[in-house]
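Student: Structure provided below as C-alpha coordinates; questions to follow.
The values are calculated or read from the model by the stated rules, or taken from the named source; none is laboratory data. For clarity, every value in this text was computed on a predicted model and none was experimentally measured. Counting neighbours? That spans all protein chains shown, and the Cβs are built from the backbone with ideal geometry, glycine included.
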Amino acid sequence: MGGGIAGLASAIGLSRAGWQVSVRERAAGLSTTGTALGIWPAALRALDRLGIGDALREHAVRQRPELILRPDGRQVATVDTARLERRQGEAVYLVRRPDLLGMLHRALPDGVLRFSAPVTDPNAARSEFDLVIGADGIHSRVRSEVFGARHSLRFSGLVAWRGLIDPAAGDPVPREAGSRAPVLGGPAPGSADLVSPDLVSPDLVSPDLGGPDLDSPDLDSPDLGGADLGGASPRGTSPGGFSLGGSALAGPGLAGPGLADVVSGGEIWHPGMKFGYTPLGAGRVNWYAVLRRPEGYLPPRGDLAELREHFGDWPDPVPRLLDRLDPAEILRHPLHHVDPPLPSYVRGNVALLGDAAHAMPPDLGRGACESLLDGLTLSECVAATSDVSAALRAYDARRRGPSQRVAAMSVRVGRMSLSGRFTGLRDLVTRTLLAVTTPGG
(Lines give C-alpha, C1' and ligand atoms only; values in the text may rest on other atoms or scores of the structure.)
Protein backbone atom coordinates (compact mmCIF):
# COMPACT_ATOMS: atom_id res chain seq x y z
CA MET A 1 0.00 0.00 0.00
CA GLY A 2 1.65 3.19 -1.20
CA GLY A 3 3.56 4.03 -4.36
CA GLY A 4 6.21 6.26 -2.80
CA ILE A 5 9.91 5.59 -2.39
CA ALA A 6 9.63 2.81 0.20
CA GLY A 7 6.75 1.05 -1.52
CA LEU A 8 8.37 1.10 -4.96
CA ALA A 9 11.77 0.00 -3.61
CA SER A 10 10.25 -3.01 -1.84
CA ALA A 11 8.18 -3.85 -4.93
CA ILE A 12 11.30 -3.85 -7.13
CA GLY A 13 13.15 -6.16 -4.75
CA LEU A 14 10.24 -8.57 -4.35
CA SER A 15 9.55 -8.66 -8.10
CA ARG A 16 13.22 -9.47 -8.77
CA ALA A 17 12.92 -12.28 -6.17
CA GLY A 18 10.01 -13.85 -8.06
CA TRP A 19 7.07 -12.60 -6.01
CA GLN A 20 3.83 -11.49 -7.63
CA VAL A 21 3.47 -7.91 -6.43
CA SER A 22 0.66 -5.39 -6.60
CA VAL A 23 1.26 -1.80 -5.52
CA ARG A 24 -1.88 0.21 -4.73
CA GLU A 25 -1.47 3.98 -4.87
CA ARG A 26 -4.39 6.28 -4.08
CA ALA A 27 -3.05 9.18 -6.17
CA ALA A 28 -3.83 9.45 -9.87
CA GLY A 29 -0.15 9.39 -10.85
CA LEU A 30 3.41 9.77 -9.63
CA SER A 31 4.04 12.92 -7.65
CA THR A 32 5.35 15.82 -9.72
CA THR A 33 6.15 18.02 -6.72
CA GLY A 34 8.96 17.88 -4.23
CA THR A 35 12.43 19.23 -3.85
CA ALA A 36 15.89 17.67 -3.81
CA LEU A 37 16.59 14.52 -1.82
CA GLY A 38 20.00 13.56 -0.47
CA ILE A 39 21.09 10.02 -1.40
CA TRP A 40 23.85 8.85 0.93
CA PRO A 41 26.34 6.07 0.09
CA ALA A 42 24.38 3.36 1.95
CA ALA A 43 21.19 4.28 0.07
CA LEU A 44 23.10 4.37 -3.22
CA ARG A 45 24.38 0.87 -2.54
CA ALA A 46 20.77 -0.14 -1.94
CA LEU A 47 19.83 1.30 -5.33
CA ASP A 48 22.72 -0.66 -6.86
CA ARG A 49 21.26 -3.87 -5.46
CA LEU A 50 17.87 -2.89 -6.88
CA GLY A 51 19.47 -2.38 -10.28
CA ILE A 52 19.09 1.39 -10.65
CA GLY A 53 22.16 2.85 -8.94
CA ASP A 54 23.82 3.78 -12.22
CA ALA A 55 20.66 5.51 -13.43
CA LEU A 56 20.73 7.73 -10.38
CA ARG A 57 24.42 8.53 -10.77
CA GLU A 58 23.74 9.54 -14.34
CA HIS A 59 20.85 11.89 -13.61
CA ALA A 60 21.65 13.21 -10.14
CA VAL A 61 24.26 15.74 -9.07
CA ARG A 62 26.97 15.21 -6.49
CA GLN A 63 26.59 17.26 -3.33
CA ARG A 64 29.69 19.19 -2.41
CA PRO A 65 30.71 20.85 0.85
CA GLU A 66 28.61 23.57 2.48
CA LEU A 67 28.59 25.84 5.51
CA ILE A 68 26.50 26.22 8.62
CA LEU A 69 26.31 29.94 9.45
CA ARG A 70 24.73 32.48 11.72
CA PRO A 71 22.72 35.32 10.14
CA ASP A 72 25.64 37.72 10.55
CA GLY A 73 27.81 35.46 8.38
CA ARG A 74 29.79 33.90 11.22
CA GLN A 75 30.64 30.27 10.65
CA VAL A 76 29.19 27.65 13.00
CA ALA A 77 30.75 24.48 11.60
CA THR A 78 32.05 22.70 8.54
CA VAL A 79 32.15 19.11 7.28
CA ASP A 80 34.54 17.77 4.67
CA THR A 81 32.28 15.84 2.29
CA ALA A 82 35.26 15.10 0.05
CA ARG A 83 36.63 13.00 2.88
CA LEU A 84 33.32 11.15 3.04
CA GLU A 85 33.64 10.32 -0.65
CA ARG A 86 37.23 9.14 -0.21
CA ARG A 87 36.29 6.86 2.67
CA GLN A 88 33.05 5.49 1.25
CA GLY A 89 34.00 5.43 -2.40
CA GLU A 90 30.77 7.27 -3.21
CA ALA A 91 29.57 10.84 -2.99
CA VAL A 92 26.29 12.10 -1.57
CA TYR A 93 23.99 12.68 -4.54
CA LEU A 94 21.10 15.09 -4.91
CA VAL A 95 18.06 14.13 -6.94
CA ARG A 96 14.61 15.63 -7.34
CA ARG A 97 11.92 13.52 -5.71
CA PRO A 98 9.87 13.18 -8.95
CA ASP A 99 13.00 12.01 -10.78
CA LEU A 100 13.75 9.33 -8.18
CA LEU A 101 10.14 8.12 -8.24
CA GLY A 102 10.33 7.89 -12.02
CA MET A 103 13.49 5.78 -11.87
CA LEU A 104 11.89 3.42 -9.36
CA HIS A 105 8.70 3.16 -11.40
CA ARG A 106 10.56 2.32 -14.60
CA ALA A 107 12.36 -0.51 -12.81
CA LEU A 108 9.05 -2.27 -12.06
CA PRO A 109 7.36 -4.75 -14.39
CA ASP A 110 4.39 -3.33 -16.28
CA GLY A 111 1.12 -3.41 -14.38
CA VAL A 112 2.59 -3.71 -10.89
CA LEU A 113 1.80 -0.13 -9.87
CA ARG A 114 -1.89 0.77 -9.92
CA PHE A 115 -2.91 4.41 -9.55
CA SER A 116 -6.22 5.69 -8.15
CA ALA A 117 -6.43 2.40 -6.21
CA PRO A 118 -6.73 3.18 -2.49
CA VAL A 119 -7.00 0.34 0.00
CA THR A 120 -10.07 1.04 2.09
CA ASP A 121 -9.61 -1.75 4.64
CA PRO A 122 -5.98 -2.67 5.49
CA ASN A 123 -7.13 -5.38 7.89
CA ALA A 124 -9.12 -7.11 5.17
CA ALA A 125 -6.06 -7.12 2.94
CA ARG A 126 -4.24 -9.26 5.49
CA SER A 127 -6.36 -12.29 4.57
CA GLU A 128 -6.19 -11.60 0.82
CA PHE A 129 -2.39 -11.43 0.49
CA ASP A 130 0.54 -13.41 1.89
CA LEU A 131 2.33 -10.17 2.74
CA VAL A 132 0.92 -6.68 3.28
CA ILE A 133 3.35 -3.75 3.15
CA GLY A 134 2.24 -0.48 4.68
CA ALA A 135 4.25 2.20 2.85
CA ASP A 136 1.44 4.74 2.80
CA GLY A 137 3.33 7.71 4.13
CA ILE A 138 3.39 9.93 7.16
CA HIS A 139 -0.40 9.82 7.66
CA SER A 140 -0.39 6.05 7.33
CA ARG A 141 -3.76 4.36 7.54
CA VAL A 142 -2.04 1.00 7.94
CA ARG A 143 -0.14 2.27 10.98
CA SER A 144 -3.27 3.62 12.68
CA GLU A 145 -5.60 0.68 11.90
CA VAL A 146 -3.21 -2.24 12.29
CA PHE A 147 -0.78 -0.95 14.90
CA GLY A 148 -3.13 1.33 16.86
CA ALA A 149 -3.62 5.06 17.33
CA ARG A 150 -1.12 5.36 20.19
CA HIS A 151 1.82 5.55 17.79
CA SER A 152 0.64 8.58 15.90
CA LEU A 153 2.17 11.88 14.83
CA ARG A 154 3.55 14.57 17.13
CA PHE A 155 3.77 18.14 15.91
CA SER A 156 7.26 19.59 16.34
CA GLY A 157 6.13 23.20 16.79
CA LEU A 158 7.75 24.05 13.45
CA VAL A 159 6.42 24.92 10.02
CA ALA A 160 8.60 24.45 6.93
CA TRP A 161 8.54 26.21 3.58
CA ARG A 162 10.44 24.73 0.65
CA GLY A 163 10.76 24.80 -3.09
CA LEU A 164 12.95 24.60 -6.15
CA ILE A 165 14.08 27.62 -8.14
CA ASP A 166 14.42 26.42 -11.71
CA PRO A 167 15.06 28.96 -14.49
CA ALA A 168 14.08 26.31 -17.05
CA ALA A 169 11.56 24.11 -15.26
CA GLY A 170 11.85 20.48 -16.22
CA ASP A 171 15.10 20.86 -18.15
CA PRO A 172 17.74 18.25 -17.24
CA VAL A 173 21.11 19.26 -15.91
CA PRO A 174 23.33 19.57 -19.01
CA ARG A 175 26.36 17.29 -19.22
CA GLU A 176 28.30 15.41 -21.82
CA ALA A 177 26.74 12.15 -22.92
CA GLY A 178 27.86 9.25 -20.78
CA SER A 179 29.59 11.43 -18.21
CA ARG A 180 29.09 11.05 -14.47
CA ALA A 181 27.12 13.59 -12.51
CA PRO A 182 28.83 16.96 -12.23
CA VAL A 183 30.57 18.01 -9.04
CA LEU A 184 28.76 21.05 -7.75
CA GLY A 185 29.68 23.58 -5.17
CA GLY A 186 33.40 23.11 -4.59
CA PRO A 187 35.19 25.91 -2.78
CA ALA A 188 35.31 29.26 -4.48
CA PRO A 189 38.76 30.41 -5.57
CA GLY A 190 40.87 31.22 -2.55
CA SER A 191 38.22 30.01 -0.10
CA ALA A 192 38.31 27.34 2.54
CA ASP A 193 36.45 24.07 1.98
CA LEU A 194 32.72 24.47 2.45
CA VAL A 195 30.60 21.74 3.96
CA SER A 196 27.15 20.20 4.25
CA PRO A 197 24.90 21.06 7.19
CA ASP A 198 23.18 17.70 7.01
CA LEU A 199 26.04 15.44 8.07
CA VAL A 200 25.25 14.96 11.75
CA SER A 201 25.46 11.55 13.39
CA PRO A 202 22.39 10.10 15.14
CA ASP A 203 22.83 9.21 18.82
CA LEU A 204 25.52 11.85 19.35
CA VAL A 205 23.31 14.63 20.71
CA SER A 206 21.38 14.33 23.96
CA PRO A 207 17.65 15.13 23.99
CA ASP A 208 17.90 17.83 26.65
CA LEU A 209 20.49 20.55 25.97
CA GLY A 210 21.80 19.13 22.70
CA GLY A 211 25.05 17.95 24.24
CA PRO A 212 26.96 14.92 23.00
CA ASP A 213 26.17 11.39 24.08
CA LEU A 214 29.28 9.56 22.97
CA ASP A 215 28.24 6.30 24.59
CA SER A 216 25.94 5.32 21.74
CA PRO A 217 27.56 5.74 18.31
CA ASP A 218 25.28 4.95 15.40
CA LEU A 219 27.03 2.75 12.88
CA ASP A 220 24.16 3.06 10.39
CA SER A 221 24.69 6.77 9.85
CA PRO A 222 26.77 8.56 7.20
CA ASP A 223 30.51 8.98 7.47
CA LEU A 224 31.01 12.53 8.59
CA GLY A 225 34.55 12.86 7.40
CA GLY A 226 36.79 15.53 8.84
CA ALA A 227 35.67 19.00 9.82
CA ASP A 228 37.18 22.42 10.13
CA LEU A 229 37.17 23.27 13.83
CA GLY A 230 37.53 26.93 13.14
CA GLY A 231 34.15 28.34 14.09
CA ALA A 232 35.20 31.90 14.76
CA SER A 233 34.39 34.54 12.17
CA PRO A 234 37.08 34.94 9.54
CA ARG A 235 38.86 38.26 9.46
CA GLY A 236 36.85 40.86 7.63
CA THR A 237 33.48 39.26 8.38
CA SER A 238 30.45 41.50 8.11
CA PRO A 239 26.74 40.74 7.83
CA GLY A 240 26.00 39.48 4.33
CA GLY A 241 29.64 39.10 3.32
CA PHE A 242 32.92 37.71 4.58
CA SER A 243 36.41 36.81 3.54
CA LEU A 244 37.82 33.30 3.46
CA GLY A 245 41.45 32.62 2.75
CA GLY A 246 41.99 36.18 1.59
CA SER A 247 39.29 36.03 -1.09
CA ALA A 248 36.43 38.48 -0.62
CA LEU A 249 33.06 36.88 -1.30
CA ALA A 250 29.60 38.37 -1.52
CA GLY A 251 28.32 35.63 0.74
CA PRO A 252 28.55 31.86 1.31
CA GLY A 253 29.44 29.96 -1.84
CA LEU A 254 29.17 32.90 -4.24
CA ALA A 255 31.37 33.81 -7.17
CA GLY A 256 29.45 36.44 -9.11
CA PRO A 257 26.01 37.86 -9.94
CA GLY A 258 22.80 35.91 -10.59
CA LEU A 259 21.82 32.47 -9.27
CA ALA A 260 24.14 30.39 -11.47
CA ASP A 261 26.95 31.62 -9.20
CA VAL A 262 25.47 29.90 -6.14
CA VAL A 263 28.08 27.18 -6.36
CA SER A 264 27.83 25.84 -2.81
CA GLY A 265 25.00 25.49 -0.35
CA GLY A 266 24.54 26.46 3.24
CA GLU A 267 22.23 26.49 6.21
CA ILE A 268 21.83 29.58 8.39
CA TRP A 269 20.77 29.11 12.03
CA HIS A 270 19.00 31.67 14.20
CA PRO A 271 16.88 31.15 17.34
CA GLY A 272 13.49 29.96 16.20
CA MET A 273 14.25 30.02 12.48
CA LYS A 274 16.63 28.81 9.79
CA PHE A 275 17.11 28.96 6.04
CA GLY A 276 18.96 26.54 3.78
CA TYR A 277 19.82 26.29 0.10
CA THR A 278 21.59 23.79 -2.15
CA PRO A 279 22.57 24.32 -5.80
CA LEU A 280 21.51 21.63 -8.27
CA GLY A 281 23.30 22.94 -11.34
CA ALA A 282 22.10 24.89 -14.38
CA GLY A 283 21.04 27.75 -12.12
CA ARG A 284 18.66 25.55 -10.14
CA VAL A 285 18.61 25.97 -6.36
CA ASN A 286 16.80 23.88 -3.79
CA TRP A 287 15.74 25.97 -0.78
CA TYR A 288 13.89 25.59 2.53
CA ALA A 289 12.98 27.70 5.55
CA VAL A 290 11.73 26.81 9.02
CA LEU A 291 9.92 28.95 11.61
CA ARG A 292 8.36 28.26 14.98
CA ARG A 293 4.63 28.46 14.30
CA PRO A 294 1.41 26.73 15.44
CA GLU A 295 0.32 23.63 13.58
CA GLY A 296 -2.44 25.16 11.47
CA TYR A 297 -0.61 28.40 10.77
CA LEU A 298 -1.65 30.42 7.71
CA PRO A 299 0.56 33.43 6.94
CA PRO A 300 -1.78 36.44 7.10
CA ARG A 301 -0.10 38.18 4.13
CA GLY A 302 0.88 35.07 2.23
CA ASP A 303 3.87 32.75 2.22
CA LEU A 304 6.25 34.95 0.28
CA ALA A 305 5.57 37.97 2.48
CA GLU A 306 6.17 35.80 5.54
CA LEU A 307 9.50 34.62 4.21
CA ARG A 308 10.63 38.11 3.22
CA GLU A 309 9.68 39.49 6.62
CA HIS A 310 11.90 37.02 8.47
CA PHE A 311 14.69 36.27 6.00
CA GLY A 312 14.80 39.23 3.64
CA ASP A 313 17.82 40.85 5.31
CA TRP A 314 19.82 37.64 5.81
CA PRO A 315 23.19 37.10 4.12
CA ASP A 316 23.40 36.78 0.36
CA PRO A 317 22.16 34.75 -1.52
CA VAL A 318 19.01 34.48 0.65
CA PRO A 319 17.46 37.81 -0.47
CA ARG A 320 18.16 36.97 -4.12
CA LEU A 321 16.58 33.53 -3.70
CA LEU A 322 13.47 35.11 -2.20
CA ASP A 323 13.27 37.51 -5.14
CA ARG A 324 13.11 34.54 -7.52
CA LEU A 325 10.29 32.69 -5.75
CA ASP A 326 6.95 32.14 -7.43
CA PRO A 327 4.29 32.31 -4.67
CA ALA A 328 2.29 29.59 -6.42
CA GLU A 329 5.26 27.18 -6.23
CA ILE A 330 6.01 27.60 -2.50
CA LEU A 331 5.26 24.47 -0.46
CA ARG A 332 4.34 24.86 3.22
CA HIS A 333 3.70 22.12 5.76
CA PRO A 334 3.97 21.48 9.51
CA LEU A 335 6.74 19.15 10.65
CA HIS A 336 5.70 15.95 12.43
CA HIS A 337 7.33 12.76 13.59
CA VAL A 338 6.06 9.41 14.86
CA ASP A 339 5.96 9.51 18.65
CA PRO A 340 6.18 7.34 20.65
CA PRO A 341 8.31 5.12 18.40
CA LEU A 342 6.75 1.84 17.35
CA PRO A 343 7.78 -1.20 19.41
CA SER A 344 7.78 -3.25 16.19
CA TYR A 345 7.48 -2.56 12.46
CA VAL A 346 5.64 -5.86 11.90
CA ARG A 347 2.39 -7.40 13.06
CA GLY A 348 1.30 -10.73 11.67
CA ASN A 349 1.88 -10.57 7.92
CA VAL A 350 1.98 -6.74 7.88
CA ALA A 351 5.17 -4.66 7.71
CA LEU A 352 5.54 -0.89 7.90
CA LEU A 353 8.14 0.92 5.80
CA GLY A 354 9.35 4.47 5.30
CA ASP A 355 7.43 7.39 6.77
CA ALA A 356 4.63 5.07 7.82
CA ALA A 357 7.10 3.44 10.23
CA HIS A 358 9.43 6.29 11.24
CA ALA A 359 8.33 9.68 9.90
CA MET A 360 10.97 12.21 10.88
CA PRO A 361 11.79 15.89 10.43
CA PRO A 362 14.04 16.65 7.45
CA ASP A 363 16.99 17.97 9.48
CA LEU A 364 19.36 15.12 8.63
CA GLY A 365 18.30 14.77 5.01
CA ARG A 366 17.96 11.01 5.54
CA GLY A 367 14.24 10.29 5.07
CA ALA A 368 14.50 9.03 1.49
CA CYS A 369 17.61 7.01 2.36
CA GLU A 370 15.88 5.23 5.24
CA SER A 371 12.92 4.43 2.97
CA LEU A 372 15.21 2.88 0.35
CA LEU A 373 17.03 0.86 2.99
CA ASP A 374 13.69 -0.33 4.40
CA GLY A 375 12.50 -1.45 0.97
CA LEU A 376 15.69 -3.28 0.08
CA THR A 377 16.04 -4.95 3.49
CA LEU A 378 12.45 -6.18 3.55
CA SER A 379 12.69 -7.64 0.06
CA GLU A 380 16.00 -9.36 0.80
CA CYS A 381 14.71 -10.82 4.07
CA VAL A 382 11.60 -12.17 2.32
CA ALA A 383 13.66 -13.57 -0.57
CA ALA A 384 15.95 -15.42 1.84
CA THR A 385 13.27 -17.72 3.31
CA SER A 386 9.88 -19.24 2.59
CA ASP A 387 8.77 -18.36 6.13
CA VAL A 388 7.16 -14.91 5.90
CA SER A 389 6.95 -14.54 9.68
CA ALA A 390 10.67 -15.23 10.06
CA ALA A 391 11.44 -12.82 7.23
CA LEU A 392 9.45 -10.03 8.86
CA ARG A 393 11.16 -10.64 12.20
CA ALA A 394 14.52 -10.35 10.47
CA TYR A 395 13.44 -7.12 8.74
CA ASP A 396 12.30 -5.63 12.04
CA ALA A 397 15.53 -6.62 13.76
CA ARG A 398 17.67 -5.08 11.03
CA ARG A 399 15.81 -1.84 10.38
CA ARG A 400 13.84 -0.67 13.41
CA GLY A 401 16.77 0.28 15.63
CA PRO A 402 18.86 2.12 13.02
CA SER A 403 15.92 3.99 11.48
CA GLN A 404 14.52 5.04 14.84
CA ARG A 405 17.92 6.35 15.90
CA VAL A 406 18.08 8.45 12.74
CA ALA A 407 14.55 9.72 13.39
CA ALA A 408 15.35 10.63 17.00
CA MET A 409 18.50 12.43 15.95
CA SER A 410 16.59 14.39 13.32
CA VAL A 411 14.31 15.71 16.06
CA ARG A 412 17.26 16.62 18.28
CA VAL A 413 19.23 18.34 15.54
CA GLY A 414 16.17 20.36 14.58
CA ARG A 415 15.76 21.56 18.16
CA MET A 416 19.45 22.27 18.54
CA SER A 417 19.69 24.29 15.34
CA LEU A 418 16.85 26.62 16.43
CA SER A 419 17.92 26.96 20.05
CA GLY A 420 17.97 30.41 21.55
CA ARG A 421 19.94 29.33 24.62
CA PHE A 422 23.57 28.30 24.98
CA THR A 423 24.26 29.03 21.31
CA GLY A 424 27.99 29.23 21.93
CA LEU A 425 27.93 25.76 23.48
CA ARG A 426 25.69 24.55 20.66
CA ASP A 427 28.16 25.75 18.06
CA LEU A 428 31.08 24.15 19.89
CA VAL A 429 29.23 20.84 20.22
CA THR A 430 28.31 20.92 16.53
CA ARG A 431 31.89 21.61 15.43
CA THR A 432 33.25 18.92 17.72
CA LEU A 433 30.76 16.29 16.57
CA LEU A 434 31.41 17.03 12.94
CA ALA A 435 35.16 16.82 13.54
CA VAL A 436 35.43 13.61 15.55
CA THR A 437 32.60 11.35 14.48
CA THR A 438 33.07 9.00 11.54
CA PRO A 439 30.18 6.48 11.57
CA GLY A 440 29.58 4.41 8.48
CA GLY A 441 27.61 5.67 5.49
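Residues checked against (1) closer than 16 Å to residue 266 by Cα; (2) surrounded by fewer than 20 Cβ atoms within 10 Å (Cβ to Cβ):
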{"position": "69", "(1), (2)": "yes, no"}
{"position": "78", "(1), (2)": "yes, no"}
{"position": "84", "(1), (2)": "no, no"}
{"position": "89", "(1), (2)": "no, yes"}
{"position": "95", "(1), (2)": "no, no"}
{"position": "100", "(1), (2)": "no, no"}
{"position": "106", "(1), (2)": "no, yes"}
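Student: Do you know which residues across the stretch 345-392 are among the charged types (D, E, K, R), crowded, with 24+ Cβ neighbours inside 10 Å and not in a loop (DSSP other than H, G, I, E, B)? Step through it out loud before you land on a result.
Tutor: Of the stretch 345-392, the ones among the charged types (D, E, K, R) are 347, 355, 363, 366, 370, 374, 380, 387.
Still in the running and crowded, with 24+ Cβ neighbours inside 10 Å: 355, 363, 366, 370, 374.
Selection gives 355, 363, 370, 374.
Student: Determine which member of the set 159, 142 is touching a helix residue (DSSP H, G or I) at 6+ places or on another chain (Cβ under 6 Å), modelled with pLDDT of 85 or more and hydrophobic (A, V, I, L, M, F, W, C). Even if it seems obvious, please write down each step before you answer.
Tutor: Numbers: 159 fails: touching a helix residue (DSSP H, G or I) at 6+ places or on another chain (Cβ under 6 Å).
None of the others qualify; the one that does is 142.
Student: I've got another one for you. Considering only residues that are surrounded by fewer than 14 Cβ atoms within 10 Å (Cβ to Cβ) and aliphatic (A, V, I, L, M), which ones fall in the stretch 128-168?
Tutor: Correct list: 149, 168.
Student: Scan the stretch 13-33 residue by residue and report those that are touching a Leu at 6+ places or on another chain (Cβ under 8 Å) and under 30 Å from residue 333 (Cα atoms).
Tutor: 23, 25, 30, 31, 33
Student: Also, I was wondering about something else. Tell me which strands (runs of 3 or more DSSP E) are completely within the stretch 1-117 and hold 3 or more residues being over 24 Å from residue 352 (Cα atoms) and either at pLDDT below 90 or among the hydrophobic types (A, V, I, L, M, F, W, C) (or both), or say none if there are none. Write out each step before concluding.
Tutor: Working: elements: 36-39, 67-69, 75-78, 93-96.
Output list reads 67-69, 75-78.
Student: What are the residues in the stretch 1-43 that are surrounded by fewer than 22 Cβ atoms within 10 Å (Cβ to Cβ) and under 20 Å from the mean Cα position of the chain (by Cα), if any?
Tutor: Residues satisfying the conditions are 30, 31, 32, 33, 34, 35, 41.
Student: Here's something else I'd like to know. Looking only at the stretch 139-159, which residues are within 25 Å of residue 26 (Cα to Cα) and outside any loop (DSSP other than H, G, I, E, B)? Please lay out each step first, then the result.
Tutor: Narrowing the stretch 139-159 to residues within 25 Å of residue 26 (Cα to Cα): 139-155.
Selection gives 141, 142, 143, 144, 145, 146, 152, 153, 154, 155.
Student: Taking the residues in the stretch 363-391 that are within 26 Å of the chain's Cα centre (by Cα) and among the aliphatic types (A, V, I, L, M) as candidates, determine which candidate is nearest to residue 349 (Cα to Cα). Show your work before the answer.
Tutor: Of the stretch 363-391, the ones within 26 Å of the chain's Cα centre (by Cα) are 363-381.
Narrowing further to those that are among the aliphatic types (A, V, I, L, M): 364, 368, 372-373, 376, 378.
On the way: 364: 31, 368: 24, 372: 20, 373: 20, 376: 17, 378: 12 Å.
Only one residue fits best here, namely 378.
Student: Can you tell me which residues in the stretch 298-338 are closer than 30 Å to residue 143 by Cα and crowded, with 17+ Cβ neighbours inside 10 Å?
Tutor: Taking the stretch 298-338 first, the residues closer than 30 Å to residue 143 by Cα are 298, 330-338.
Selection gives 330, 332, 335, 336, 337, 338.
Student: Further question on the same structure: Show the residue pairs that are 6+ apart or on different chains and have beta-carbon atoms under 9 Å apart, the first residue being within the stretch 394-412 and touching a residue at least 24 places away in the same chain (Cβ under 8 Å) and surrounded by fewer than 21 Cβ atoms within 10 Å (Cβ to Cβ), the second being small (Gly, Ala, Ser) and assigned to a helix (DSSP H, G or I).
Tutor: What qualifies is 400/357; 404/357.
Student: OK, next. Across the stretch 264-321, what is the total count of residues that are more than 22 Å from residue 361 (Cα to Cα) and not aliphatic (A, V, I, L, M)?
Tutor: So the answer is 17.
Student: Test residue 347 against the stated conditions and say whether it is among the basic types (Lys, Arg) and modelled with pLDDT of 95 or more. It would help to see each step written out before you state the result.
Tutor: Working: among the basic types (Lys, Arg): yes; modelled with pLDDT of 95 or more: yes.
For residue 347, the condition - among the basic types (Lys, Arg) and modelled with pLDDT of 95 or more - is met.
Student: Let me ask something else. Does residue 350 meet the test of being in contact with a strand residue (DSSP E or B) (Cβ under 6 Å, 6 or more places away or on another chain) and either among the β-branched types (Val, Ile, Thr) or on the phi > 0 side of the Ramachandran plot (or both)?
Tutor: yes
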